[in-house]
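Note sheet for the following structure.
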Amino acid sequence: MELRLDDVITVTFTLFAIIDILGSIPLLISLKKKMGGIDEAKATGISGGLMLLFLLTGEQFLKVLGLDVGSFAVGGSIVIFILGLEMVLGVEFIKSDADHKSGTVVPIAFPLIAGSGTLTTIISLSANYSKWTVFIGILLNLIIVFLVLKSLNYIAKLLGPAGLLAVRKFFGVILLAIAVKIFASNVGGLLK
């Protein structure tokens, strides 16, 4: 087995684009404020665990649960759509938990960081690259995710309230578009 730097870079950037941690910053700041905090290490660890689980077992895991990749993607897209609506409309659909640790798992670790798009991409990447290459790409992205989660207060201060509101609404529309795309590309297979 040979690890090639260009393969690692390709996998890392592919996962970075799909995870879109930078695009999730306004939502993460909002969730952190709503939940009273985020357990950054737990969110990173759980999302990393999900990614590694899908790297190693992927489609077999879904089959055990009686699910296919399309069903998984549609379910994740609905949660992402609701979060996007919250961002755009300023209405709370997903009620915050008094315990911020549970919010760290859903919706932060899943589906924001390790969402259906990320997990499906991992399955696809492992079909084209060695598992070690995908593993390294996952680890590099988890480092970035952890650093962004740790820096949320600094980013919030940098943007200010007006900047956060503008960025939040903009990325809310982006999240809605991503959710619609994931839903549309997967729902057809479920209706047959």
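Data overview
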item: Net charge contributed by nearby residues that have their C-beta within less than 12 Å of residue 88 (K/R +1, D/E -1); result: +1
item: Order of 59, 92, 86, 2 under a 10 Å beta carbon neighbour criterion, fewest first; result: 2, 92, 59, 86
item: Ordering of 17-23, 132-138, 113-119 by packing [mean C-beta count within 10 Å, highest first]; result: 113-119, 132-138, 17-23
item: Among the listed pairs 34/150; 131/169; 34/63, those beyond 26 Å (Cα-Cα); result: 131/169; 34/63
item: Helix 40-56 vs. the chain, principal-axis angle (Cα, 0 to 90°, nearest 10); result: 20
item: Residue of 127, 177, 109 that the Gaussian network model of the chain assigns the largest fluctuation, springs spanning Cα pairs under 10 Å; result: 127
item: Unit charges at the beta carbon, dipole of region 5-187: most positive-side option, 48, 151, 104; result: 151
item: Contact order relative to length of region 5-187, as percent, for alpha carbon pairs under 8 angstrom and 6 or more apart; result: 45
item: Separation in nanometres of the label points that stand 7 Å from Cα toward Cβ, at residue 124 and residue 59; result: 1.4
item: Peptides 79-85, 66-72, 158-164 ordered by average Cβ neighbours within 10 Å, highest first; result: 79-85, 66-72, 158-164
item: The chain, helix-only ellipticity at 222 nm - DSSP H runs n ≥ 4, -39,500 (n - 2.57), divided by all residues, nearest 500; result: -25500 deg cm²/dmol
item: Computed Rg/Rh of the chain, alpha carbon atoms with Kirkwood Rh; result: 0.97
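Values quoted throughout were computed directly from the atomic coordinates according to the rules given, and no laboratory measurement underlies them. Since this is a predicted model, take the numbers as computed values, not measurements. FYI the Cβ positions are ideal-geometry reconstructions off the backbone, even for glycines, and counts take in every protein chain you see.
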